[in-house]
1. Give the relative contact order (percent, whole number) for region 285-364; include only Cα pairs under 8 Å separated by 6+ residues.
2. Determine by what factor the alpha-carbon radius of gyration of region 331-403 differs from 2.2 N^0.38 Å, reporting the quotient.
3. Kindly flag which residue pairs out of Lys123/Lys271; Lys343/Lys366; Lys164/Lys409; Lys264/Lys409 have an alpha-carbon separation exceeding 26 Å in this structure.
4. Local charge sum around Phe305 (other residues, Cβ-Cβ under 15 Å, Lys/Arg +1, Asp/Glu -1)?
5. Sort 288-299, 394-405 by the packing proxy (mean of other Cβ within 10 Å over each peptide's residues), most packed first.
6. Would you please give the residues with an amide H less than 5 Å from that of Tyr373, counting only those at least 5 places away or on a separate chain, with H modeled from the backbone geometry?
7. Give me the log10 of I(q) over I(0) for region 222-380 at q = 0.11, 0.14 Å⁻¹, as the Debye formula computes it from C-alpha points; what are the numbers?
8. Take peptides 275-286, 338-349 and line them up by average Cβ neighbours within 10 Å, highest first, as a rough protection proxy.
Amino acid sequence: MTSCGGPKLPQSEHRRWPVSVTTGIGSQKSLIYMDIEAVVGGKRVNVAHVIPEQYTQLPIDVLGSELFRNYRIKCCNQRLYRAKNKALELLGQDHKASFTKLFRRGFFEGCRQFIGVDGCHLKGLYKGVLLSAVSVDANYGIYPLAMCVVDNENTESWTYFIEKLYEQIGCNGGEGLCIMSDRQKGILNVLERVFPHALKKYCCRHIYSNFKQKFPVVCWAKHCFPVQIKCSHVINNMTESFNNWISNFRGMPIVRMLEEIRRKIMILIHKRYEQANTWQDELPPLVRRKVIEARVESRTLSVIFGHDKTFEVMEDISKRCVVDLGTKHCDCGEWDVSGLPCKHAMCCIDAMRYNVNDYIHHLLKKIAFKKTYSHQLYPVPDESIWPLLLHDNLLPPLVIWAAGRPQTKRKMEVGENKAFKRSSSVRCSKCDEWGHNVRSCKVTKRGGKTKKFLKKKFHQDKGESLGSTATVGPVNLSQNSVHGNGFQLGFATFFRDGLHELLKY
C-alpha cells in the first residue's frame, strides 16, 4: 500500500513527493518519488522512480517480482520496459547524452615490443566496437596500451586506431615491433601501410579456425619469430583476456565505460607495482616456475662437454642439440625466441653449476617488471570541472536492429570449444546424473540400465550371495568371511558371473 507523504493537491497538478511504503510490518520511509497525480488517483505509480540501480540489469520477469515483493507494485511487462529505460536515464546512464560528452581520448605508452590488437563488440544501447592494443609484461601478464571506440570494425576504423597508435609508439615505420592480430576486417592492409617495417604475426588459434585457407608459415610458426622480442606467443590470447577483463563495462555508456576501464587500469598498475616490491626473487613468479619446469625436464638428458661453453646434449639416440652458453643459443630455438633457457640449456647450466639467472633475458626479470609499472596513470578530475570545449556535439551512430531477440554473446568459431555449464538444480531421477531431467534422459532411449533397475539387481545379487558359498580366485564369498558386507558380495558375484561367461569361450 502506498500513501502520499505530502499535502493533498488537486489531481491536475503534477509534482513529486516522497512516499512511505507499508509492507505489512510497519511504515518505512524511502527515497521513492512518484507523480502526485498517480497517488491521488490511486491507480498508477511512476515505477521508474522506484527502480534502484542494482535492479536495472535484471530481466523483466525478475524485476516485476522484486518490485512486487519490496514495494507491492504490479504492472505489465510493457510498462516495466519503459520504466527500466527511464530508470537508466535517471541514474545517469543515458547513452545518448553520454556521446555528447565524448570528444577526444589519448593513449599511453607500453613496455614491450610485442603488441596484440583486437576488437570486441559493445553491449550498450548504441552497440559499437572497442578496439584495443595490449602488450605483455615481464611476468607474462597483459598490459593495456590503447583503446578506441568505433561504430564498426572496418578499414576506416582500423586506420584511425592504428594511425593514432603509431603516433604514440611508432617510429621508423614500426621497426623492431612485432604486431599480432586475428586478421580482422581491414586490419592487414592498414598494418602494412602504417607499420611497414613491423613484423606481422597471426593468432595460431584463429589460423586453426580457418585452416582450409593458405597461410605462409613465416606468419605463425614459432621458429620464425624474431629473437629480439623474447616472446613465444603463437596465439592472441592476451587481447582475448583483455576483452574478458572489461566484459562488465562493455554495456555501459561510452564515457562511463572508458572511465571504468581507466580506473581498473590504474588499480592494476598500482597493484602490480606493489606486488613486485614484495618479491624476494630476482625473477617474477611465473618465470621462476618455467625455469623449474625446464630443470625437471632436463634431468633425463645427458650432456657432453665441448670447448669454450659449448655442449652436446643427447635427448635420445637419434636426437641431440648443440648448446652455446656464451651466445645463449640452442639448436632447438626455444631459448632464442623466449629468452628462457630450454631444457637442453638448463642441463648444461646445472652441469657447470652456473647461476641460471645470468642466462635469462633482462626483459623477463623483476627489474623490467618494475620499470613497466613505474609509470603511473594520473587521476582524472570530476566531470563538473572539466574545461568547456567549443565543438559540436558528437551524435551516436545509427543502429540497425536485426529481427529477433538481441544477441549479447558472440558466435563461436569453427573448432572453438564451448564453455561447459553444468546445471546444479536439475538432476535426473532415472540415471542420477546432473544436467537433464527424466523426459530428456538418454539412458532409457539407448536401452541402458536405470538407477532403479541397478538397485534392484544389486539387492537380488546380495540376497542370492548370502545363501551360498563360492570362491573366485582369492575372493572368499562365504558368509562368515564377509561379515554381512553386502556390497562386497554383490561386487564379487558380478566378477564370478563374468568369469563364467569368459570360460565358455
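Every number here is computed from the coordinates shown, using simple stated rules; none is lab data. In this text the structure is predicted, and so the values were computed from the model without any measurement. Cβ sites come from the backbone with ideal geometry, for glycine too, and all protein chains shown count toward neighbours.
1. Averaging sequence separation for qualifying contacts and normalising by length gives 26 percent for region 285-364.
2. 2.32
3. Those over the limit are Lys123/Lys271; Lys164/Lys409.
4. -1
5. Highest mean packing first, the order is 288-299, 394-405.
6. Here the answer is none, since no amide H 5 or more places off falls under 5 Å of that of Tyr373.
7. Debye curve over Cα of region 222-380, log10 I(q)/I(0) at q = 0.11, 0.14 Å⁻¹: -0.59, -0.82.
8. 338-349, 275-286
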